[in-house]
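Asker: Have a look at this one.
The values are calculated or read from the model by the stated rules, or taken from the named source; none is laboratory data. Because the structure is predicted, anything quoted here is derived from the model rather than measured. Virtual Cβ from ideal backbone geometry, glycine too; neighbours counted across all protein chains shown. Note: areas computed on protein heavy atoms with side chains; ligands, DNA, RNA excluded. Shrake-Rupley method; radii C 1.70, N 1.55, O 1.52, S 1.80 Å.
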Amino acid sequence: MRDVNDIKAAGLCAGCGLCAGVGDAAQPAIVMRDTSQGYRRPFVQAPVPPAQKALVDAVCPGVNIQHVDSEIDAPYHPSWGPIVEARLGWSTDMGLRRQASSGGGLSSVLLHLLDSGQIDYVVQTAVSDDSPLRNALRISTGRDDIFVAAGSRYAPSSPLEDIAARLDAPGRFAFVGKPCDVAGLRALARRDPRVAEKVPYMLAFMCAGVPSYRGTDAVLKAMGIDDPDAVVSFRYRGDGWPGFATAVLPDGTSHQMDYNSSWGGILNRHLQFRCKICPDGTGEFADITFADGWLCDDKGYPLFEEQDGRSLVLTRTRKGEALLQEALAKGFIDVQAVPLESIRHMQPFQTKRKGFVQPRMAAMASVGLPLPRFRNLRLSEVRRSLGAKEAFRNYLGTLRRLVRKRRQD
Ligand SMILES: Cc1cc2nc3c(=O)[nH]c(=O)nc-3n(C[C@H](O)[C@H](O)[C@H](O)COP(=O)(O)OP(=O)(O)OC[C@H]3O[C@@H](n4cnc5c(N)ncnc54)[C@H](O)[C@@H]3O)c2cc1C
């Protein structure tokens with residue numbers, strides 16, 4: 001059985017908060033905290049009851065990502081997972097489209113869910129009230145909340161950290177999370193019938209990995225801001241598409257950095273280890289996944305120039321497809337069909353990503369690290385499509401990194 005400390009020690013924790021969230025909220029044995037390295041991690045502060053231990057071992061998405069055939073109700077693509085339909089979409093609310101990360105597709109579906117009364121609230125992540133540089137779990141009940149939470153926050157989040165308390169409380173909610181957060185909630189649903197009752201919809205966005213808060217500090221430093229505490233507001237992107245990372249100082253001066261430099265040059269160098277072996281960067285367990293619908297040049301490279309935002313929208317379950325159709329009929333979202341083959345041009349990294357997993361896990365095995373249980377995801381198929389050379393390069397790169405880390409520890 002894997003417990004929280006084993007999972008952390010093996011570098012498999014993603015920081016989702018599920019292990020803490022399934023405990024007794026009145027007397028928590030596990031709590032989530034920010035670490036000095038800038039990640040969110042669980043800390044065991046009292047003996048963990050055996051039932052909680054067993055549940056964590058079974059549902060923690062750090063160590064368990066697994067499809068159950070009976071849950072898949074759409075054709076399964078090896079790279080993209082289950083897909084009913086692929087579309088480009090954007091919010092018809094122009095303010096929201098501009099504020100959002102790509103086209104505001106995700107937020108527009110949330111608006112429809114609240115407007116139609118299918119849910120009472122949304123569990124999502126937004127900037128913390130305590131600091132413009134920190135994330136916090138946000139309960140949203142109307143457009144203003146959804147508007148504030150729109151946009152990507154490239155930093156740790158633990159949207160499952162109070163999940164049992166939410167499932168006990170009155171009301172139904174939609175859940176928004178990273179693919180690992182949603183996979184964790186889906187795994188919990190297999191053991192806890194309250195999830196199906198209380199969470200009619202799970203929405204995810206594609207995720208290339210979670211950078212630590214040190215990544216945020218490095219972005220600020222590169223902008224010329226040495227004192228992060230001086231920042232009064234900060235956004236990673238949005239207010240346009242892809243928008244600029246923007247920090248505002250007390251005197252009103254604003255410092256900006258383009259998306260390619262902030263994400264591509266800095267943030268993606270601060271990813272936690274678990275994200276490097278992620279077998280589901282595309283939200284395979286969600287009802288609908290949203291992603292950047294990048295326009296590409298004629299070589300297939302994404303163009304990061306400012307334009308009207310558009311989200312790639314993948315419906316993954318029949319229920320998700322029906323929801324999207326409703327949001328469309330009610331005028332919350334506009335869409336345009338896209339052929340499945342065109343997704344790889346918009347998401348070149350995610351196209352290959354599942355192929356990296358087995359070689360990187362082989363490197364973990366070579367240094368004696370315990371392996372996660374990633375099953376029924378067609379990882380071998382994507383690995384084979386990479387070719388032996390690229391797979392070996394991934395094995396070697398990870399092995400080197402792990403050996404170096406061992407020496408430093
Ligand atoms: C860490 C991270 C990595 C990403 N990697 C990719 C990628 O590889 N490819 C890609 O196409 N897209 C990626 N995205 C998603 C992308 O930035 C957009 O969210 C996506 O295009 C949907 O856009 P939208 O306009 O429909 O979303 P919006 O309408 O702006 O809604 C965004 C939603 O994401 C939630 N959210 C924001 N930050 C977090 C967070 N840290 N944790 C949990 N929830 C959060 C908000 O609460 C909101 O509900 C990533 C996002 C994050 C946070």
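Asker: Away from the ligand (no atom under 16 Å from the Cβ), within 19 Å of A10 (Cβ to Cβ), charged (D, E, K, R) and within 22 Å of the chain's Cα centre (by Cα) - does that describe any residue in the stretch 386-404? Spell out the reasoning first.
Answerer: As a first pass, look at the stretch 386-404 and keep what is away from the ligand (no atom under 16 Å from the Cβ): 386-404.
Restricting the remaining residues to those that are within 19 Å of A10 (Cβ to Cβ) gives 394-395, 397-404.
Those still in the list that are charged (D, E, K, R) too: 400-401, 404.
Next, only the ones that are within 22 Å of the chain's Cα centre (by Cα) stay: none.
Scanning the stretch 386-404 turns up no residue that is away from the ligand (no atom under 16 Å from the Cβ), within 19 Å of A10 (Cβ to Cβ), charged (D, E, K, R) and within 22 Å of the chain's Cα centre (by Cα).
Asker: Could you please find all residues in the stretch 1-51 being surrounded by 23 or more Cβ atoms within 10 Å (Cβ to Cβ), among the small types (G, A, S) and within 30 Å of V403 (Cα to Cα)?
Answerer: A14, G15, G17
Asker: With (1) more than 12 Å from the ligand (Cβ to nearest atom); (2) of a type in the set (G, A, S); (3) farther than 30 Å from F356 by Cα as the list, and S128 as the residue in question, which single condition is left unmet?
Answerer: Checking S128 against (1) more than 12 Å from the ligand (Cβ to nearest atom); (2) of a type in the set (G, A, S); (3) farther than 30 Å from F356 by Cα, the one that fails is (1).
Asker: Then there is this: Within the stretch 214-234, which residues are surrounded by 15 or more Cβ atoms within 10 Å (Cβ to Cβ) and within 12 Å of S131 (Cα to Cα)?
Answerer: P228, V231, F234
Asker: Are there any pairs, at least 6 apart or on different chains, whose C-beta atoms fall under 8 Å, with the first in the stretch 154-167 and farther than 13 Å from A14 by Cβ and near the ligand (Cβ under 7 Å from one of its atoms) and the second of a type outside the set (D, E, K, R) and open to solvent by 20 Å² or more (accessible area, probe 1.4 Å), and if so, which?
Answerer: From residues that are farther than 13 Å from A14 by Cβ and near the ligand (Cβ under 7 Å from one of its atoms), the pairs are Y154/W263; A155/N135.
Asker: How many residues are surrounded by 19 or more Cβ atoms within 10 Å (Cβ to Cβ) and over 18 Å from F273 (Cβ atoms) if we restrict to the stretch 358-378?
Answerer: Result for the stretch 358-378: 1.
For every residue, the table says whether it meets (1) farther than 23 Å from T315 by Cα; (2) among the hydroxyl-bearing types (S, T, Y); (3) at pLDDT 95 or above; (4) in a loop (DSSP other than H, G, I, E, B).
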residue: G62; (1), (2), (3), (4): yes, no, yes, yes
residue: R87; (1), (2), (3), (4): no, no, yes, no
residue: R97; (1), (2), (3), (4): no, no, yes, no
residue: S108; (1), (2), (3), (4): no, yes, yes, no
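Asker: Condition first: in contact with a helix residue (DSSP H, G or I) (Cβ under 9 Å, 6 or more places away or on another chain), free of Cβ contacts under 8 Å to residues at least 24 places away in the same chain, within 23 Å of L111 (Cβ to Cβ) and crowded, with 19+ Cβ neighbours inside 10 Å. Can you find one or more residues in the stretch 136-144 that meet it?
Answerer: Checking the stretch 136-144: at least one residue is in contact with a helix residue (DSSP H, G or I) (Cβ under 9 Å, 6 or more places away or on another chain), free of Cβ contacts under 8 Å to residues at least 24 places away in the same chain, within 23 Å of L111 (Cβ to Cβ) and crowded, with 19+ Cβ neighbours inside 10 Å.
Asker: Could you grab me the full set of residues in the stretch 135-153 that are within 10 Å of the ligand (Cβ to nearest atom) and among the hydroxyl-bearing types (S, T, Y)?
Answerer: Within the stretch 135-153, S140, S152 qualify.
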